[in-house]
Amino acid sequence: MIAVVYGSSTDNTRDAAEAIAAALRERCDAPVNLLDVATLKRDLSPLLRYDTLVLGCPTWNIGELQDDWYDAFPLLERLDWSGKRVALFGCGDQQGYPDSFQDALGIIGRAVRERGATIVGWWPVAGYDFYESLGVEDKHFFGLALDHDNEAQLTAGRIARWVVQLAAELKGEAAHARL
């Protein structure tokens with residue numbers, strides 16, 4: 001089973017989560033559930049029944065988690081993510097916040113990886129214009145980086161390509177690679 005879990009303050013991340021969940025339903029045999037982290041922030045343990053989690057969080061202000069994820073983060077850090085595959089996606093503003101673009105991907109990604117998760121769905125930094133990000137490791141974002149503020153016209157295509165990549169990784173058809 002797959003859960004697409006998002007937090008959203010401006011609906012951009014929610015809209016992306018809905019598109020990702022719909023695309024995954026078309027490409028994967030497993031059931032795909034869409035969950036708002038705001039409904040889970042007192043207890044994230046139900047997420048552990050899923051094999052794969054797709055976590056969506058925008059980077060808010062200067063390198064911060066969106067409010068619902070901020071509230072849920074201490075609970076996320078207490079869980080054992082061993083055996084779970086986690087993909088990440090986030091919205092950010094690379095022009096307004098070039099020193100913290102997509103930091104939320106790295107904050108959440110590192111936290112679940114340190115607790116046993118396998119990160120899938122790495123996304124290349126090529127084509128983005130920013131200076132620094134906690135969401136980057138080895139020239140790849142921890143997951144899909146979206147910039148609805150400056151590149152809304154690229155969002156649908158990026159989601160489509162990422163879901164194809166992610167579905168292949170989940171099916172074991174493509175090796176995890178950060179080129």
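The values are calculated or read from the model by the stated rules, or taken from the named source; none is laboratory data. The shown structure was predicted, so the numbers you read here are calculated from the model rather than taken from an experiment. A quick note on method: Cβ atoms are made from the backbone with ideal geometry, for glycine too, and the neighbour counts reach across all protein chains shown. Just the protein is used for accessible areas: all its heavy atoms, side chains included, with ligands, DNA and RNA removed. Shrake-Rupley method; radii C 1.70, N 1.55, O 1.52, S 1.80 Å.
Data overview
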{"item": "Residue check for E137: surrounded by fewer than 20 Cβ atoms within 10 Å (Cβ to Cβ), at negative phi, among the charged types (D, E, K, R) and touching a helix residue (DSSP H, G or I) at 6+ places or on another chain (Cβ under 8 Å)", "result": "yes"}
{"item": "All positions within segment 83-108 that are surrounded by fewer than 24 Cβ atoms within 10 Å (Cβ to Cβ) and on the phi > 0 side of the Ramachandran plot", "result": "G83"}
{"item": "Close pairs (8 angstrom Cβ cut-off, 6 or more residues apart or separate chains): polar (S, T, N, Q) in segment 14-36, surrounded by 14 or more Cβ atoms within 10 Å (Cβ to Cβ) anywhere", "result": "N33/I2; N33/A3; N33/V4; N33/A21; N33/Y50"}
{"item": "Any hit, segment 39-56, residues being among the charged types (D, E, K, R) and touching a residue at least 40 places away in the same chain (Cβ under 8 Å)", "result": "yes"}
{"item": "Unique match (being in contact with a strand residue (DSSP E or B) (Cβ under 6 Å, 6 or more places away or on another chain) and closer than 19 Å to R161 by Cα) among A21, A104", "result": "A21"}
{"item": "Test: residue in segment 147-169 that is surrounded by fewer than 16 Cβ atoms within 10 Å (Cβ to Cβ), modelled with pLDDT of 95 or more and touching a Phe, Trp or Tyr at 6+ places or on another chain (Cβ under 7 Å)", "result": "no"}
{"item": "Count of segment 37-57 residues which are within 13 Å of the chain's Cα centre (by Cα) and either over 21 Å from G116 (Cα atoms) or not hydrophobic (A, V, I, L, M, F, W, C) (or both)", "result": "2"}
{"item": "Residue that is modelled with the lowest pLDDT [pool: residues in segment 130-146 that are closer than 20 Å to L65 by Cα and of a type in the set (D, E)]", "result": "E132"}
{"item": "Checklist (1) touching a helix residue (DSSP H, G or I) at 6+ places or on another chain (Cβ under 7 Å); (2) closer than 25 Å to L47 by Cβ; (3) of a type outside the set (G, A, S) applied to Q102, failing item", "result": "(1)"}
{"item": "Members of segment 62-73 that are aliphatic (A, V, I, L, M) and assigned to a helix (DSSP H, G or I)", "result": "A72"}
{"item": "Unmet requirement for D11, which otherwise passes all of (1) closer than 30 Å to E132 by Cα; (2) out of contact with any Lys or Arg (no Cβ under 9 Å at 6 or more places or on another chain); (3) touching a residue at least 12 places away in the same chain (Cβ under 8 Å)", "result": "(3)"}
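Quick grid of which residues meet (1) over 22 Å from T155 (Cβ atoms); (2) in a loop (DSSP other than H, G, I, E, B); (3) open to solvent by 20 Å² or more (accessible area, probe 1.4 Å):
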| site | (1), (2), (3) |
| --- | --- |
| A3 | no, no, no |
| A21 | no, no, no |
| E26 | no, no, yes |
| D29 | yes, yes, yes |
| L35 | no, no, yes |
| L47 | yes, no, no |
| V54 | no, no, no |
| L75 | yes, no, yes |
| W81 | yes, yes, no |
